[in-house]
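Below is one structure, written out as structure tokens; the observations come after it.
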Amino acid sequence: MTSVEDSGVEAGLTTGQRIHQLIAELYPFFRSITGDGVRATLNVIRKHVPLEVHEVPTGTKVFDWEVPREWNIRKAYIKDPDGNTIVDMKDSNLHVLNYSSPVNLKIDLEQLKAHLHYLPEYPDWIPYRTSYFKEDWGFCITYNQFKSLKDGIYEVVIDSTLEPGHLTYGEVFIPGETDDEVLVSTHVCHPSLCNDNLSGIAVCTFLIKELMTRKLRYSYRFVFVPATIGSITWLALNKDRTHKIKHGLVATLLGDTGPFHYKKSRRGDAEIDAVVEYVLKQHDPQNEILEFFPYGYDERQYCSPGFNLPVGRLTRALYAEFPEYHTSGDNLDFVKPAALNESLRIYLRVFETLEANKTYVNLNPFCEPQLGRRGLYSLTGGNVHGKDFQLALLWVLSQADGSNTVLDIAKKSNLDFTTVRLAAEKLVEAELLVEKDDR
Ligand code: ZN
């Protein structure tokens, strides 16, 4: 496996800059829900982490859906009545309606207008539009371009293919001490859009690199799938293994500078819900927690009632609720290295908290044990951390009846998670406490 440095990233960059650089490398690729853009994207990620690529044939039945025909595109342009090229996919891959069928036509302005998409409220931005499941063709242009169109005969060319092929997705598995899995899912189908979702792809890549250096209790599975049809396909192919997923997150919208938003799993009371809420609120009270709702990204599939997996969605911006969403305004300037790095750190803190969020049982539950005799009780501590630690010992002994996690005790006691965790570890060393599963 090659490291980031080997794949062309200059030394001396911060982690946030490296994540941003990976986004910039992937930005020009022409991605869709199928086709060579996704393959090229996964090939770049594979230079950083041991990614397995899966190809699922067109026509494969996946629950109520079917893997669609594979779409690829070579060129697309519009020539005005004077023969000048006025729209060209070479300038932005957002210019083509994603999944357009091939066309080669000479049409008048009125006919052309029926196939144009633009945003009057943001006259310099190109919208991102798709037509995955309805055969259509079209172009997306700025409103300023639209306003400058004159009467006459236009030449429109979309050189695309829509043929039997495959749906491509990637998967990275990082084994831990147990088979219990943490699932992280990110979508790889959007073309040149940075927050949605090159930010998720790049942050996940760097998360994998970091997790691979750590000793882990859980196993981690990262899936890089086209949105909706990709997660449906993954779930269909892995239906018998989903019971291993103990916690999960949908990772997207991680490069803007706004606060974090966590959308709870459908269950609402999963451990991942409590852990992310705690981490986000500790980090910044402005971060927001939302109850589950059945639209948005791939959490819809993971949380469908047949699966009902403990999978939430951890983003910065909210789905569809920022002006740049699904426009050319979601570009390389919109995502910031510092924000990307902060997102990486928040995800790592969530994983660290999950890893340490064990449940313990007090082995000496009949009255308090003598802590002084075991060197655990010191009146000379004096400092706040020392006092907190003494309190944490008492809280853990009081609450460790096999029903409270470390996080439960931290919340009840208003003590820091790390302090409670440390107290529990000291009590285990002193043989006053045992992990519930080890009993
Ligand atoms: Zn999107």
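The values are calculated or read from the model by the stated rules, or taken from the named source; none is laboratory data. It should be emphasised that the depicted structure is a prediction, and the values quoted were computed from it without experimental measurement. No Cβ is skipped: glycine too gets one built from the backbone with ideal geometry, and neighbour counts run over all protein chains shown.
Scoring Glu288 on the criteria (1) touching a strand residue (DSSP E or B) at 6+ places or on another chain (Cβ under 6 Å); (2) within 16 Å of the ligand (Cβ to nearest atom); (3) of a type in the set (Asp, Glu) leaves a single failure, condition (2). Every listed requirement among (1) in a loop (DSSP other than H, G, I, E, B); (2) farther than 25 Å from Thr418 by Cβ; (3) without any contact (Cβ under 8 Å) to a residue 60 or more places away in the chain; (4) more than 16 Å from the ligand (Cβ to nearest atom) is met by Arg373 save one, (1). The sole residue among Asp438, Asp388, Asp401 that is away from the ligand (no atom under 16 Å from the Cβ) and at pLDDT 95 or above is Asp401. Residues that are of a type in the set (Asp, Glu) and either touching a residue at least 40 places away in the same chain (Cβ under 8 Å) or more than 29 Å from Pro323 (Cα to Cα) (or both) within segment 126-164 comprise Asp151, Glu155, Asp159, Glu163, listed in sequence order.
For segment 231-245, the condition holds for no residue, the condition being that it is surrounded by fewer than 24 Cβ atoms within 10 Å (Cβ to Cβ), part of a loop (DSSP other than H, G, I, E, B) and touching a Gly at 6+ places or on another chain (Cβ under 9 Å).
Taken together, Ile208, Ile158, Ile201 contain a single residue that is within 23 Å of Pro28 (Cα to Cα) and either away from the ligand (no atom under 16 Å from the Cβ) or part of a strand (DSSP E or B) (or both), which is Ile158.
Would you check which residues across segment 102-125 are surrounded by 15 or more Cβ atoms within 10 Å (Cβ to Cβ), in contact (Cβ under 8 Å) with a residue 60 or more places away in the chain and over 11 Å from Thr327 (Cβ atoms) and list them? Passing the criteria: none in range.
Each residue in segment 165-188 was checked for being part of a loop (DSSP other than H, G, I, E, B), surrounded by fewer than 19 Cβ atoms within 10 Å (Cβ to Cβ) and touching a residue at least 60 places away in the same chain (Cβ under 8 Å), and 2 of them qualify. Identify all residues within segment 38-67 that are over 19 Å from the mean Cα position of the chain (by Cα) and surrounded by 21 or more Cβ atoms within 10 Å (Cβ to Cβ); write none if there are none. Residue satisfying the conditions is Val67 alone. Within segment 299-343, if we keep just the residues that are hydroxyl-bearing (Ser, Thr, Tyr) and more than 13 Å from the ligand (Cβ to nearest atom), the residue that is surrounded by the fewest Cβ atoms within 10 Å (Cβ to Cβ) turns out to be Ser304.
Put simply, of Val157, Val184 the only residue that is assigned by TED's automatic domain parsing to the domain that holds Lys106 and in contact with a strand residue (DSSP E or B) (Cβ under 6 Å, 6 or more places away or on another chain) is Val157. Lys75 satisfies every condition listed in (1) surrounded by 14 or more Cβ atoms within 10 Å (Cβ to Cβ); (2) modelled with pLDDT of 95 or more; (3) not in a helix (DSSP H, G or I) except (1). For segment 212-225, the condition of being at pLDDT 95 or above and within 16 Å of the ligand (Cβ to nearest atom) holds for at least one residue. Would you confirm whether or not segment 249-272 contains a residue that is more than 27 Å from His54 (Cβ to Cβ), within 14 Å of the ligand (Cβ to nearest atom) and part of a loop (DSSP other than H, G, I, E, B)? Yes, because at least one residue in segment 249-272 is more than 27 Å from His54 (Cβ to Cβ), within 14 Å of the ligand (Cβ to nearest atom) and part of a loop (DSSP other than H, G, I, E, B).
The residues listed here are Ala24, Ala11, Ala40; of these, the one that is at pLDDT below 95 and either over 27 Å from Tyr128 (Cβ atoms) or assigned by TED's automatic domain parsing to the domain that holds Ser192 (or both) is Ala11. Restricted to segment 246-298, and to residues that are of a type in the set (Asp, Glu) and in contact (Cβ under 8 Å) with a residue 60 or more places away in the chain, which residue is surrounded by the fewest Cβ atoms within 10 Å (Cβ to Cβ)? Residue satisfying both the conditions and the ranking: Glu271.
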